Structures are given as C-alpha cells and as structure tokens.
Amino acid sequence: ANAPEPIAISVQSRHDASTDATVNLYSNLRAAELDLDFASDVARVQEENALEAITVGESLSVKIYVTSTSIAVGSLTVDVYFDADLLVFADVAAGADDDVWSDAVAGEVRSDTPTAVRLGGVATAGAMGARWHFATVSFVSTGEAGLAAFRGVIVEMTDPAAADVVLPGTPVVAGHLVAVAIGGGSDSKPARRRRAENDRVPLHALYIRTPRCAVPPLGDVNRDCAFSTKDVLLTAQYTLVSDNATATAALLLRYPELYQPPDATAPVGMDADFNGRVDTRDTTVLLYVLFGGLRFIRPPVLSIGAATAGGSCAAAVTVRVEQSASDGRFAIDPARANHTQVFLLFTGTREAIEALAQQQWMTPFYPSAAAAGATRGVAIATTVPETAGAYTARFTLRRGADVAFGVSVVHVIRPGVLGGWVVPFNGRYLSSGPPFPVANRTENADGTLALSLPVAQHAEMVPFAYDVPFAPFRTFTGSACVPAPPPPDTFRVWSTGQRCDKGVAEQRAPMFSLGGGGHTRAMCEEACLQQRADACTMFVLSVSGYCHMFRDCTHTVSTTQHVTYMRVAAPIATAVSSTVSTVTTATDTVTTATDT
C-alpha cells in the first residue's frame with residue numbers, strides 16, 4: 001500500500017543478536033500498464049512519499065501521471081476522490097511536465113458526489129509513455145490539520161479510435177490512498193485513512209452503461225446513449241478531415257456508429273454550439289460541457305400573445321440550457337441552475353428594440369456601429385421551474401409593432417466552490433450565428449461590446465467584452481400582436497428510471513396507445529396533443545417504440561427501457577407564433593418560429 005511516511009525495516013542476525021541493521025523506506029506502489037500515479041512531481045512517484053506535505057491553509061497540487069507504454073491513450077476520464085473536510089477543489093489544468101499530452105483537460109466537482117472531481121480530455125494523436133503527465137488538480141486546505149487520502153477511478157480510457165482499453169470504472173491502483181499530511185497532521189486522523197481503505201469496493205458496475213435509450217442525450221455523437229469523451233474524440237477526429245470529402249467518407253465508413261443524414265453536412269450531435277457548422281469550436285464546446293466548464297445553449301424561441309383591448313400583447317424569448325447528461329443530477333436539474341445564469345443580447349433597429357417594452361432591461365439601449373440607427377439591449381432570462389432547463393425573458397409589445405430583431409445568448413457559470421461567477425472563456429463561446437456573419441445581419445462591427453452582468457441576485461457583477469463581429473443566434477421578423485391560434489404545448493423528459501403504471505386503468509388517457517411498436521417521440525407527442533391538456537399530461541415511450549399516454553402518473557414502476565415525458569404549457573398562456581418567422585442565420589433560411 002502507499003504510505004505518507006517512511007516504514008522502518010529492521011534485520012537482525014539469527015546467530016548474533018548484536019548484528020542488526022535498520023533502513024527507512026517509503027511504501028509507494030509503481031503503476032502498472034494503463035494505471036495512474038498521484039504525486040507532487042514525477043521524482044516522487046517512486047522515490048519517496050508521493051505528495052509533499054503542506055501547511056494549514058496552503059494550496060496543494062496533485063499531478064496525475066499515466067503509464068501507457070504499449071497502447072496510445074486517445075481519451076481519458078478520471079474521478080479523483082478527496083477529503084472534503086480537509087481540502088476544497090480549486091482548478092484543473094493539462095499536464096505540463098512533459099510534451100506527451102498537449103491537449104486541454106477540463107474538470108469540475110461532481111454535483112452528485114461533492115467529494116469527487118471528474119476530469120478528462122482527448123488527444124487525436126494519442127499519448128504513450130511511462131509516467132507521462134496528464135493533468136494537475138489543485139486544492140486548497142480548509143484550515144484543518146490532518147491526513148488527506150486520495151483514491152481514483154478510471155471512468156473511461158480509450159485509444160485514438162475511441163475503443164475502450166480498460167473496463168469503465170476500473171479503480172486506480174498505484175495512486176490508491178496516496179495521502180498528504182496537512183499541518184504536520186500525518187497521524188492526527190488515522191481513522192480517516194482506515195475508513196478510506198474500507199471504502200474500496202468493486203466499482204465497475206457503477207460505470208458500465210446500458211446502451212438503450214429512446215432519446216439520445218445532447219453530445220451523444222456515437223449513439224451509445226451516453227455523453228462521454230468518446231464523443232468528444234470522434235468529433236475531434238472528424239474536424240481534422242472534414243474539409244476533405246474523400247477522407248470524411250473514409251472516416252464515416254470506419255466509424256459506422258456516426259450517423260450523417262443524407263441532407264446534413266455533418267454527423268448528428270457534433271454541432272454542439274448549434275450554429276449550423278461543425279469545426280474545432282464544437283470539440284471544445286463538447287469537452288467543456290462534459291466537464292462543467294460550458295453549457296449547451298439551444299437556439300432562442302419567440303412566443304407572442306394575442307393582442308389585448310389595451311393594444312399590447314405579451315411576448316417571451318426562451319432558450320433551453322443543458323449541462324452534461326452524464327452528470328448525476330441531470331434528470332432533476334438539467335441546467336445546473338444554481339450555477340448557471342443566462343442573458344439575452346437583443347440587436348436591431350431602435351424602433352424594433354423599443355417595441356420590446358421589457359420591464360427590467362439590464363442595461364439601457366446604446367448605439368451599435370453595425371448599422372445606422374441600430375441599437376442593443378440586454379435582458380436577464382430566468383428559469384421557472386428550475387427543473388425544466390428553460391430560461392425565459394418576458395416582454396410587452398405594442399400592438400401592430402413590427403418585429404425585426406436578433407437574439408444572441410451569453411451564459412455565466414459558477415465553477416467550483418472557490419471560484420466566483422465567470423463568462424466561460426470570456427465570451428469566446430458566445431451563442432451566436434455562424435462565425436462568418438451573414439450579410440445585413442452583422443453585429444458588433446466595431447468590436448466594442450462591453451457589459452457588466454449582474455449575478456447572484458445582483459450581488460456580483462461579471463465583466464464581459466467581445467471584440468469581434470457576429471451574426472445573431474436567431475433573427476425574428478414579422479408583425480406582432482396579431483391574434484392567432486396558440487402554439488402547441490411542448491414536452492420534456494420527466495424520468496428515465498420511472499414510467500407511469502399502465503396497469504392502473506384510471507390514470508390512462510382516453511386514447512391510451514398507438515398500438516404496436518416502432519413509433520417515434522414526434523408521433524407520440526402529436527397523439528397526446530390531439531387530446532385535451534388535462535386528458536393527456538404524460539406519455540411513455542419504450543426503446544422499441546411503444547407509446548402509452550396517461551392523464552396522470554401517480555402510480556409508477558421502475559424501468560430501464562422507457563422514457564417518460566411530461567406535457568409543458570407554452571411560456572405564455574395565449575402565445576401565438578404563426579405571424580412571426582425565425583431567420584436561421586446558420587443556413588440563411590426562414591421557418592415559422594415555434595417553442596421547442
């Protein structure tokens with residue numbers, strides 16, 4: 001086993017008791033092939049206590065070294081378990097001790113396990129060698145002395161072709177229970193280390209996935225019903241050859257798990273920023289969403305209500321936000337709402353923006369150099385209910401006012417415990433249109449966009465500056481406040497582990513089943529929408545396409561083969577959208593706006 005202090009080994013002659021010798025040695029396991037070491041530096045991996053002691057209140061750097069002398073590592077995800085009573089997670093950085101791993105590494109404390117940091121990265125060329133530096137995980141002492149032990153789990157390790165090289169959930173052996181003495185506390189908490197040793201149980205079952213799902217999560221590029229570094233790696237491999245038709249065709253043939261529809265320009269799931277093109281930016285977005293440093297931001301949707309007698313109408317712009325579906329709390333908190341805030345950037349003519357009489361514009365309108373008379377305004381989008389992952393800003397529109405404005409999205413996150421709120425990458429991943437602005441829809445031409453964004457109930461201001469032109473994420477055009485039929489309700493995932501009990505007849509909808517299998521989510525949604533809102537509030541779709549509808553879901557049963565969906569009313573009770581068109585800047589086409 002590993003030990004933070006030397007072990008005295010004494011030898012005495014059996015024939016002469018006066019002949020003896022004592023030597024002090026460290027107990028420090030050597031990593032086998034495809035195993036990990038935790039140490040302060042590479043010299044300490046084998047020569048002495050792996051982690052150098054720190055004083056109370058001091059920072060600690062735990063470096064992760066990988067041994068892979070016969071197989072190149074293309075992607076790696078690791079859970080590092082730490083003592084949260086003695087340490088607070090601070091940051092993750094890519095290894096810099098050598099040049100073996102030269103790509104980004106990201107990480108964050110798991111929302112469902114506050115004593116574990118999940119980190120990972122991908123390398124298209126692969127990494128090989130003995131004890132090469134993969135990443136550095138930084139912690140800060142909580143101010144308490146003691147002995148803090150670490151253990152690790154290899155969540156996923158693949159070769160450059162995204163094939164597993166170890167079983168998911170393999171415990172780290174060489175780095176197991178490597179400990180750091182804090183404030184001279186090498187023996188002040190012996191029970192803590194014994195408990196950690198007893199915690200070592202087979203973990204494989206916790207990490208092995210069952211590849212069956214009715215709806216693949218965002219980012220699931222290889223369609224294995226999970227979002228992982230495999231998806232990031234395959235996207236990176238695709239972007240390396242996407243400008244070469246022959247090489248792209250060969251890659252798609254080599255990876256049949258990638259699906260590219262005949263009318264699509266890239267495999268499904270790779271356009272992580274929803275701007276209509278797949279490039280290296282998408283690889284970065286996937287990596288940092290996976291490890292908590294970004295969020296998926298779906299395109300905005302505009303809903304406009306029928307005109308009132310006073311000559312105005314209600315309106316709402318909604319964006320749906322998701323963290324990684326691999327997060328343990330995703331099903332109940334898809335946006336990680338307590339760590340995510342969303343701001344909508346409106347651009348357009350002064351008349352159009354002023355027609356949006358938002359009750360609490362975050363900033364006053366100010367001119368843009370993009371075009372004469374152009375104006376910008378920023379609104380805070382709130383999420384209610386929290387579990388829906390939908391962020392909405394509401395407005396009042398003047399009757400008869402023309403709608404002609406663009407909407408882009410800035411999201412702010414709070415990573416870790418020590419860090420404050422930040423705009424990820426200082427806005428380099430602003431949710432906007434394609435990187436090459438469409439004619440007549442260029443914003444921020446002078447590169448002067450600068451904002452202070454209020455977060456945490458306005459207790460903190462986060463600076464944001466953007467110095468390059470962009471096209472709006474979505475552009476809306478049409479006439480407002482024209483009565484029209486309301487848009488249909490939408491549906492969101494209610495549960496992937498529970499389904500409504502079809503054996504309870506009184507909770508079935510009047511039209512209970514579509515009959516047989518092979519049905520899609522869209523078919524099931526349409527059938528539910530044909531019934532009154534109180535008659536069909538939920539539907540259950542099995543992996544084989546059986547669709548069952550329910551008026552309520554009071555009685556449930558456990559399942560691994562179904563997804564249960566809940567009917568959600570449109571953001572505005574009398575919303576209409578048939579008179580407003582959405583200009584999708586990524587493809588420069590016009591489609592009718594709906595709330596998706």
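The values are calculated or read from the model by the stated rules, or taken from the named source; none is laboratory data. As the structure is a prediction and not an experimental result, all values here were calculated from the model. With ideal geometry, Cβ positions are generated from the backbone for all residues, glycine too; neighbour counts draw on all protein chains shown. Ligands, DNA and RNA are stripped out before the accessible areas are found, and what is left, the full protein with its side chains, is counted by its heavy atoms. Shrake-Rupley method; radii C 1.70, N 1.55, O 1.52, S 1.80 Å.
The length gained on full extension between D97 and R532, counted as 0.36 nm times the residue separation minus their Cα-Cα distance, comes to 150.3 nm. The trypsin sites (Lys or Arg not before Pro) of the range 492-576 meeting both criteria, a DSSP state outside H, G, I, E and B (loop) and at most 16 other C-beta atoms within 10 angstrom of the site's C-beta, are R532.
Once the chain from M511 to N244 is taken as fully extended at 0.36 nm per residue, the excess over their C-alpha distance is 91.1 nm.
Each pair of Cα atoms in the range 253-295 enters the Kirkwood radius, and Stokes-Einstein at 4 °C and 1.567 mPa s then converts it into a translational diffusion coefficient of 115 µm²/s. Using the Kirkwood radius over Cα pairs, work out the Stokes-Einstein diffusion coefficient for the range 486-539 at 20 °C and 1.002 mPa s, in µm²/s as a whole number. This corresponds to a translational diffusion coefficient of 174 µm²/s. Based on protein heavy atoms only, the range 48-190 ends up with 31 Å² per residue of surface accessible to a 1.4 Å probe.
Going by a ≥ b ≥ c, the root eigenvalues of the Cα gyration tensor, does the range 31-127 fall in the rounded group (a/c under 1.5), the prolate group (a/b larger than b/c) or the oblate group? In terms of gyration-tensor shape, oblate. Computed over protein heavy atoms with a 1.4 angstrom probe, the accessible surface ordering of L240, L218, L233, largest first, is L240, L218, L233.
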